[in-house]
Ligand code: ATP
């Protein structure tokens, strides 16, 4: 499904990622964990074309997508729900969702029924249905986070990248976000997840990679990393 090999990327003169190799198999949830500044968000940005890889390869279903512009990456079926709730503030909730399907409609992937997909998003996030005509910029932070996830799902993604989907949310909403991630997993949505709540991420993931200073330090089945005392002490704060 997603095969990343020797990926290096950074900003200006600074190289942040130094040759990452990892895979996300079809239908699985893979999580990247690591301390602040390890390069998790940078990895997501490099995968979705927001920044250009400097070396290495990124293959989605065998096709090289490294170096494509982000809108072309989206057309191949990689959806990125970025850190920090990027929604179109002056458009309604409904229009934000509809726009999420746009790269699919202009690409070579199956077009499908956008109205049915929007219904599915509203079923997952009933709050968005209640607010369908409201301007996205006036939603609460948690609602914007849900809209960002809902919009990413409108792509019917081959793979969904979720960067800190619970950031800034009240505890009840954090639970809600993890409930939705579990439900998507049951529906066999392939996901790459970055989360501040590493224990919760390991609880839902199949496999995990630990990033340290832009390199993969450990990897293994999520359950195994969750029980590893060294990993717990270093990255999970015992929590
Ligand atoms: P966190 O858990 O704090 O979000 P992270 O693992 O996601 O951390 P990144 O956001 O990928 O880490 O940052 C990795 C490194 O890249 C950091 O040293 C950061 O300062 C740097 N960096 C991130 N974004 C930029 C940018 N736009 N320009 C320059 N440097 C950046």
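On the beta carbon distance between residue 55 and residue 35, with R0 = 22 Å, the FRET formula returns roughly 0.40. The orientation-averaged shadow of the Cα convex hull for region 1-40, equal to a quarter of the hull surface, comes to 3.2 nm². Give me log10 I(q)/I(0) at q = 0.20 Å⁻¹ for region 35-194, Debye formula, one equal scatterer per alpha-carbon, no solvent. Taken in order of the listed q values, log10 I(q)/I(0) reads -1.39. Among 164, 64, 186, the largest mean-square fluctuation in a Gaussian network model of the chain (Cα springs under 10 Å) belongs to 186. Extending 7 Å from Cα along the Cβ direction at residue 102 and again at residue 26 yields two label points whose distance is 3.0 nm.
Mind running the shape call on region 85-136? Use the C-alpha gyration tensor, a ≥ b ≥ c as the square roots of the eigenvalues: rounded below 1.5 for a/c, prolate if a/b tops b/c, oblate otherwise. It is oblate, given that a/c is not under 1.5 and a/b is not larger than b/c. Averaging the sequence gap over all C-alpha pairs within less than 8 Å and six or more residues apart, then dividing by the number of residues, gives region 1-122 a relative contact order of 22 percent. Looking at the chain alone, DSSP beta bridges between its own residues are antiparallel in about 60 percent of cases.
Mean sequence separation of contacting Cα pairs (under 8 Å, at least six apart), scaled by the length of the chain, corresponds to a relative contact order of 26 percent.
Just to verify a number: FRET efficiency for residue 133 and residue 172, C-beta to C-beta distance, R0 = 30 Å, to 0.05? With R0 = 30 Å, the Cβ-Cβ based efficiency is 0.75. Each stretch of four or more DSSP H residues adds -39500 (n - 2.57); spread over every residue of the chain, this sum gives -10500 deg cm²/dmol at 222 nm. Between 0 and 90 degrees, the angle of helix 114-124 with respect to the longest Cα principal axis of the chain falls at about 70 degrees.
Read the figures in this text as sums done on the coordinates, not as results from a lab. Values in this document were obtained by computation on a predicted structure and should not be read as measured data. In this analysis, Cβ positions are derived from the backbone assuming ideal geometry, glycine residues included, and neighbour counts consider all displayed protein chains.
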